Amino acid sequence: TAPAPTLLLTGVTGMVGAEVLLALHRRMPDARIWCLIRPGSAQDAAGRLASVLARVLPDGAPATISALAGDLEQPGLGLAELDRARVQAEVTEAAATAGQAVADAVQPVVEKIEGTGAPQPEPAPAAQ
């Protein structure tokens, strides 16, 4: 049999990313999933992932899901040299649920919900 894939997933601390992580884990329980997480000021990447996993996998997180401290906007994903080498050697697939592409796709929906989108044309005056 083929070895289980090793995935790199971004955006897991967001609502969509957490659901994608859960779906991937359920679909491929043997897959190794590396979650690229920008370290926050209050929590490190591992702590942020632990919070997500406690929410989406309350019965316990498998050892096959791990955090990688990094940043999509930095060269080399902002990864430490050892982590970058590991990603290059091991990752077979990647999925992005965060970043500018996702933000660009979501922004028109947010603007519509908030009513801040482009102004709509005024209705034509009624004939008298």
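Going by the alpha-carbon gyration tensor, a ≥ b ≥ c the square roots of its eigenvalues, is region 1-105 rounded (a/c under 1.5) or, if a/c is not under 1.5, prolate (a/b greater than b/c) versus oblate? Don't skip to the answer; put the middle values down first.
On the way: a/c = 1.34, a/b = 1.09, b/c = 1.23.
Since a/c stays below 1.5, the shape of region 1-105 is classed as rounded.
From the phi of every residue in region 5-10, what ³J(HN,Hα) in whole Hz does the Karplus formula 6.51 cos²θ - 1.76 cosθ + 1.60 yield, where θ is phi - 60° and glycine or proline is x?
Each residue of region 5-10 in turn: x, 10, 10, 10, 10, 10 Hz.
What's the ranking of 81-89, 32-40 by average number of surrounding C-beta atoms within 10 Å, highest first? List each step's numbers first, then the result.
On the way: 81-89: 12.3, 32-40: 20.2.
Going by the mean number of other Cβ atoms within 10 Å, highest first, we get 32-40, 81-89.
Taken together, the values in this text are just the output of simple stated rules run on the coordinates, not laboratory data. As the structure is a prediction and not an experimental result, all values here were calculated from the model. Glycine gets a Cβ as well: all are built from the backbone with ideal geometry, and neighbour counts include every protein chain shown.
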